[in-house]
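The structure under discussion appears below in the form of structure tokens.
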Amino acid sequence: MFTEFLRTSIPGRAVTGGLVSVNLVNLRDFGRGNYRQLDDYAFGSGGMVLAAPQMKDALDSLSREPGRKPFVVYPSPQGVLISQEIIETLALQEDVAIICGHYEGIDERFVSSYVDLEVSIGDCVLTGGEIPAMLIVDAMSRLVPGVVGKGKAVIEDSFYRGMLDNPNYTRPYEWEGLKVPEVLTGGNEHDISRWRRREAIRRTLTRRPDLVSRASVREYISGVNVAVIAESENVDFAGLSETCNAYGAGRPYIVAGNRELREVMKSKIPSAKIVGSVGKILDTLGEGTMIVKAASSARRNALHSLEAKRMCLEHDGGVLFVFAESDEALDEVDGIEAYVFTDGNDVAMGVRIGIALDRFLGKR
Ligand code: ADE
């Protein structure tokens, strides 16, 4: 099963090119007695179980260099569900040993003592761990630099950011009465990327809404801005500009109702855009901007941040996150309200903004 897989296509090229090395270990070599026995009857039921001593011998045969132990993965229907995050974590390991179980599995004493990760490839039962092992090798090897043509292709992949991919089309333009969506043949790059984003969002929200909480969505929201309503001179803005920059939110807006405060803010935080009202920001950003007021969990009627994240994705336009020192100032602004803090008063503004932006735009 493995030799053909390791010779073929992209994993095959990774192996022959020396970017990934895969050693196959035949468990049978560690069997006992004339029949090279690996398994035995399960205590308390009739099935067969792979025995711990033989599995341990096989595993020990891998640790040739002292102190260099592989990270041990055991594919099994009882494992945690595989994900791109798990694959990324495995790809960071120097050596990974994948143990292919069969029958009723492996003696639990071996699993609990020597397996680092028991992982399932889905809620279905296969006859053995070989196909899951190939899946893991395939998914890991495409993360190794140089294996997949352009590094960019990996980054743009579905699941890399945690969102599903947009649909794709090729020639012929018309097939069985079905045409390629017109926007794709129009040549307008801006319209095409907007269409691709919208389709990816639509698919993710309808097919896999569970992905949204941990997806990195910044690229799917056309514009992100941050505004802070300042009511006093002593707001703690430490880290504000850097945080906004890190999450692709551009230069932050500071809203100050009176001129004196605006002057103070200008010198306090020179990188910010100082304005007199939220309305002035909307004049610049446009009416299609969705306002998300960041509130504390103590506020009644505030949406869960995940619900607000979904609404940001559904909204076809930019988003303005509004923060304020007081609830009263927030009440003056029209928009949806999402709670992002456990309590309102004793968390510095710069920190609040970091937490909120990460909830909406960071990858879980
Ligand atoms: N072995 C048998 N079924 C499996 C599954 N769903 N995932 C991982 N390994 C398995």
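Every read-out reported here was derived from the displayed coordinates using simple, explicitly stated rules and does not represent laboratory data. Computed from a predicted model, the values in this text were never measured in an experiment. Using ideal geometry, Cβ is built from the backbone for each residue, glycine included, and neighbour counts are taken over all protein chains shown.
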Over the stretch 288-359: Rg over Rh, Cα atoms, Kirkwood Rh: 0.93
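Can you give the Rg/Rh ratio of the stretch 1-148, where Rg is from the C-alpha atoms and Rh is the Kirkwood radius? Write out the running numbers ahead of the final one.
Details: Rg = 15.6 Å, Rh = 16.2 Å.
Rg/Rh: 0.96.
Which of the trypsin sites (Lys or Arg not before Pro) across the stretch 294-340 are loop residues per DSSP, with 10 or fewer other Cβ within 10 Å?
Values: sites: Arg299, Arg300, Lys309, Arg310; in loops: Arg299, Arg300.
Filter output for the stretch 294-340: Arg300.
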Whole-Å distance, taken between Cα centres, linking the stretch 198-216 and the stretch 51-129: 31
Pair Asp331, Phe43: separation of 7 Å Cα→Cβ label points (nm): 6.7
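How do Glu176, Glu130, Glu65 rank when sorted from fewest to most other Cβ atoms within 10 Å of their own Cβ? All intermediate terms of the calculation are to be shown ahead of the outcome.
Values: Glu176 5, Glu130 17, Glu65 8.
Ranking Glu176, Glu130, Glu65 by Cβ neighbours within 10 Å, fewest first, gives Glu176, Glu65, Glu130.
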Residues in the stretch 17-58 reached by a label modelled at Ser112 [backbone nitrogen below 11 Å; 7 Å Cα→Cβ]: none
Long-range amide H partners of Val96 with built H, under 5 Å: Phe71
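Cα-Cα over 26 Å: which of Lys266/Lys293; Lys179/Lys363; Lys56/Lys363?
Exceeds cut-off: Lys179/Lys363; Lys56/Lys363.
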Cleavage-rule hits (GluC sites (Glu not before Pro)) in the stretch 272-328: DSSP loop, at most 11 neighbouring Cβ within 10 angstrom: Glu287
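What is the Cα radius of gyration of the stretch 217-346 over 2.2 N^0.38 Å, N being its residue count? Don't jump to the answer; show the numbers that get you there.
Details: Rg = 14.0 Å, N = 130, 2.2 N^0.38 = 14.0 Å.
Cα Rg divided by the expected 2.2 N^0.38 Å: 1.00.
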5 angstrom amide H check on Ser83, placed H, neighbours 5+ away: none
The stretch 26-76: chymotrypsin sites (Phe, Trp or Tyr not before Pro) in DSSP loop, at most 13 other beta carbons within 10 Å: Tyr35, Phe43
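Mean separation of Cα pairs under 8 Å and 6+ residues apart, divided by the residue count of the stretch 1-120: what relative contact order is that in percent?
On the way: 143 pairs, mean separation 30.4, N = 120.
Relative CO of the stretch 1-120 lands at 25 percent.
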Which of Asp236, Asp210 has the fewest Cβ neighbours within 10 Å, and the rest in rising order: Asp210, Asp236
Approximate spin-label separation Val154-Asp358, in nm, with each point projected 7 Å along Cα-to-Cβ: 2.5
Derived scalar couplings ³J(HN,Hα) [the stretch 234-244; Karplus, 6.51 cos²θ - 1.76 cosθ + 1.60; whole Hz; x for Gly, Pro]: 9, 5, 8, 9, 3, x, 4, 4, 5, 5, 4
Packing-based exposure ordering (other Cβ within 10 Å, fewest first) of Val217, Val333: Val333, Val217
Kirkwood Rh (inverse of mean 1/r, distinct Cα pairs), the chain, angstrom: 24.7
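On full extension of the chain, what length is gained from Lys69 through Arg28, given 0.36 nm per residue of separation minus the C-alpha to C-alpha distance?
Working: separation 41, 0.36 × 41 = 14.76 nm, distance 2.18 nm.
Between Lys69 and Arg28, full extension yields an extra 12.6 nm.
For the chain, what is the calculated [θ] at 222 nm in deg cm²/dmol (nearest 500), taking -39500 (n - 2.57) for each run of four or more DSSP H residues and dividing by its residue count? Numbers along the way, then the final one.
Details: 15 runs with 130 residues, N = 364.
Per the formula, -10000 deg cm²/dmol.
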For Leu38, residues with placed amide H under 5 Å, excluding near neighbours: Arg32
Glu314/Asp95 FRET efficiency (R0 41 Å; Cβ-Cβ; nearest 0.05): 0.40
